[in-house]
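Asks: Can you keep this structure in mind? I'll have questions shortly.
A short reminder: the numbers here are calculations on the coordinates, not readings from a lab. These numbers were taken from a predicted model, which means no experiment stands behind them. Neighbour counts run over all protein chains shown; Cβ positions are idealised from the backbone, glycine included.
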Amino acid sequence: MMGRGGGSGMVKALGLLGFMLVASLWTVGAESADEFDVRQHLSTTTSYAAGNSIRYGDETVESTPEGCVPVHINLVARHGSRRPTKKRIAELEKFAERLRVLAKGAAEAQNESTISPPAWISDWKSPWSDKQIGGELLPKGEEEHYDLAQRYKIKYPEIFSEEYHPDVYPIIATQVGRSAASSVAFGMGMFAGQGTLGPAKQRAFSVITDSKGHDIHLRFHDTCIAYKESKKLRKPKVAGWQKHVYDTVAERVKGRYGMAVTIDDVTSLWLLCKNVHNFLP
Ligand SMILES: *[C@@H]1O[C@H](CO)[C@@H](O)[C@H](O)[C@H]1NC(C)=O
């Protein structure tokens, strides 16, 4: 996956920004069960801040083994927190209307075993309703990558003390605005103080991008036919699991509040939950 640059013989850090290995987030297990925080359970939407406070159990795995010195780091990182995309903004806009319908229905359907839904539901307004476009990296997302770079610098001083050179520190981003911006924020955190630009003594650094349709490293989900085929093949099974979970949630909400929510409503509520937790200040 790596293999770029390296003219100097020792590629010290390879920042690949644009796609994250989600698997690590799915290993969050019993450790955090004592204090459940939904922000740590948002899969690919989990913010860097929430992810950073997850305890993975065996901390010793993280430290450098006795007698070893790190000489090279490959980092594959996802873009930071972003605004919902235009499509999602439109979905949530419509959902505001739907919530009013549900709240009205719930008011009529109350019986001795239900309670009234929370008051905010009937006059909820999408916080993004004034936005025509979306998907861009938020200031919070910039900070996430800036801070991530600073943590790396502190953790691996022996690697990141080398002077900047584009072959020593190749940074590759996908051809997606929020990912490219994330890689720039990361570079600013990594190389601040090393240049001559402005009060923060920033320096210029390069970010390389493959064209979207040919990016076999970072956009394999888009360019690899085998990957796409296998995903398509598994989709019905995954959809079945999802339906089961969403059905259960819909039933519970209905039993508790008398709100006749459908699977689609649960999908929108989950979308809203992820965005409210991650992207509002
Ligand atoms: C009360 O309403 C809920 C939701 O509509 C329903 O599931 C439940 O069966 C009702 N309970 C009674 C006792 O009528």
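Asks: Could you state the number of Å between the C-alpha centres of the stretch 207-281 and the stretch 93-141?
Replies: If we compute the Cα centre of each part, the gap is 19 Å.
Asks: Put a dot 7 Å past each Cα toward the Cβ at residue 196 and residue 68; how far apart are the dots in nm?
Replies: Going by the 7 Å Cα→Cβ label model, 4.1 nm.
Asks: Okay, next question. With a Cα-only, solvent-free Debye model of the stretch 205-281, what are the log10 I(q)/I(0) values at q = 0.11, 0.24, 0.27 Å⁻¹?
Replies: Result of the Debye calculation: -0.54, -1.01, -1.08.
Asks: What does the extension gain come out to for residue 108 and residue 221, with contour length at 0.36 nm per residue minus their alpha carbon separation? Display every interim value, and only then the final one.
Replies: Numbers: separation 113, 0.36 × 113 = 40.68 nm, distance 4.65 nm.
Going from the current span to full extension adds 36.0 nm.
Asks: Placing unit charges on C-beta atoms (Lys and Arg positive, Asp and Glu negative, everything else neutral), compute the dipole magnitude of the stretch 154-271 about its Cα centre in debye, rounded to 20. Could you put the intermediate results ahead of the total?
Replies: Numbers: 16 positive and 12 negative charges, 122 e Å.
It works out to roughly 580 debye.
Asks: In addition: So between residue 96 and residue 37, what do we pick up on full extension, going 0.36 nm a residue minus the alpha carbon distance? Please report the intermediate quantities before stating the final value.
Replies: Numbers: separation 59, 0.36 × 59 = 21.24 nm, distance 2.53 nm.
My answer for the length gained is 18.7 nm.
Asks: Along the stretch 197-206, what does the Karplus equation 6.51 cos²θ - 1.76 cosθ + 1.60 (θ = phi - 60°) give for ³J(HN,Hα), rounded to whole Hz, x for Gly and Pro?
Replies: Rounded to whole hertz, the list is 8, x, x, 7, 6, 6, 9, 6, 8, 9.
Asks: List, in order, the whole-Hz ³J(HN,Hα) value for each residue of the stretch 217-226 obtained from phi through the Karplus relation with A = 6.51, B = -1.76, C = 1.60 and θ = phi - 60°; use x for Gly and Pro.
Replies: Coupling constants for the stretch 217-226: 8, 9, 10, 4, 5, 10, 10, 8, 5, 4 Hz.
Asks: So who's got an amide H within less than 5 Å of the one on residue 82, skipping anything under 5 residues away but keeping other chains? H placed 1.01 Å off N, in plane.
Replies: So residue 82 has HN proximity to 138.
Asks: If you don't mind, another one. Taking +1 at the Cβ of each Lys and Arg and -1 at the Cβ of each Asp and Glu, which of 52, 69, 115 sits farthest along the dipole of the stretch 41-155 towards its positive end, judged by Cα position relative to the Cα centre?
Replies: 115
Asks: Can you report the principal axis dimensions of the stretch 69-120 using only the alpha carbons, biggest first, rounded to whole angstrom?
Replies: Computed over the stretch 69-120, the largest-to-smallest principal extents equal 67, 29, 13 Å.
Asks: Show the residues, 5+ positions off or on another chain, whose built amide H is closer than 5 Å to the amide H of residue 172.
Replies: 15, 16, 17, 208
Asks: Right, something else. With a/c under 1.5 counting as rounded, go ahead and sort the stretch 81-186 into rounded, prolate or oblate using the C-alpha gyration tensor (a ≥ b ≥ c being the square roots of the eigenvalues; past the cut-off, prolate if a/b is larger than b/c, else oblate).
Replies: Numbers: a/c = 5.31, a/b = 2.70, b/c = 1.97.
It comes out prolate by the Cα gyration axes.
Asks: If you take every residue apart from residue 133 with its C-beta less than 9 Å away from the C-beta of residue 133, what net charge results, scoring Lys and Arg +1 and Asp and Glu -1? Kindly include the intermediate steps, with their values, before the conclusion.
Replies: Values: positive: 83, 86, 131; negative: 136.
Computed value for this residue: +2.
Asks: A further question follows. Sticking to Cα atoms, compute the Rg of the stretch 124-192 to one decimal and its Dmax as the biggest Cα-Cα distance, whole number, in Å.
Replies: According to the Cα coordinates of the stretch 124-192, Rg and Dmax are 15.5, 52 Å.
Asks: Now for a different question. Packing-wise, with mean Cβ within 10 Å as the measure, how do 96-102, 181-187 rank, highest first? Don't jump to the answer; show the numbers that get you there.
Replies: Values: 96-102: 16.6, 181-187: 24.9.
The densest-packed peptide leads the list: 181-187, 96-102.
Asks: Distance check, please: which entries in 125/274; 232/274; 94/232; 86/232; 212/232; 94/254 exceed 19 angstrom between their Cα atoms? Walk me through the intermediate numbers first.
Replies: Numbers: 125/274 16 Å; 232/274 25 Å; 94/232 28 Å; 86/232 25 Å; 212/232 21 Å; 94/254 21 Å.
Pairs exceeding the cut-off: 232/274; 94/232; 86/232; 212/232; 94/254.
Asks: Assign unit charges at the C-beta atoms only (+1 for Lys and Arg, -1 for Asp and Glu), then state the dipole size of the stretch 72-136 relative to its Cα centre in Debye, rounded to the nearest 20. List each step's numbers first, then the result.
Replies: On the way: 12 positive and 8 negative charges, 88 e Å.
The dipole magnitude comes to about 420 debye.
Asks: Which order do peptides 227-238, 167-178, 248-259 fall in by mean Cβ count within 10 Å, highest first?
Replies: Numbers: 227-238: 10.2, 167-178: 20.9, 248-259: 16.2.
Going from most to least packed, we get 167-178, 248-259, 227-238.
Asks: For a quick protection proxy, order the peptides 196-203, 261-268 by their average other-Cβ count within 10 Å, most packed first.
Replies: Working: 196-203: 10.8, 261-268: 17.5.
Ranked by mean Cβ neighbours within 10 Å, highest first: 261-268, 196-203.
Asks: Now for a separate question. Could you tell me which of 182, 268, 209 has its Cα farthest along the dipole of the stretch 147-281 towards the positive end, charges placed at Cβ (Lys, Arg +1; Asp, Glu -1), taken about the Cα centre?
Replies: Working it through, the farthest residue towards the positive pole turns out to be 268.
Asks: A further question on this structure: Would you kindly derive the ³J(HN,Hα) couplings of the stretch 188-195 from the backbone phi angles with the Karplus curve 6.51 cos²θ - 1.76 cosθ + 1.60 (θ = phi - 60°), listing them in order in whole Hz, with x for Gly and Pro?
Replies: Those phi angles translate into 5, x, 6, 10, 4, x, 9, x Hz.
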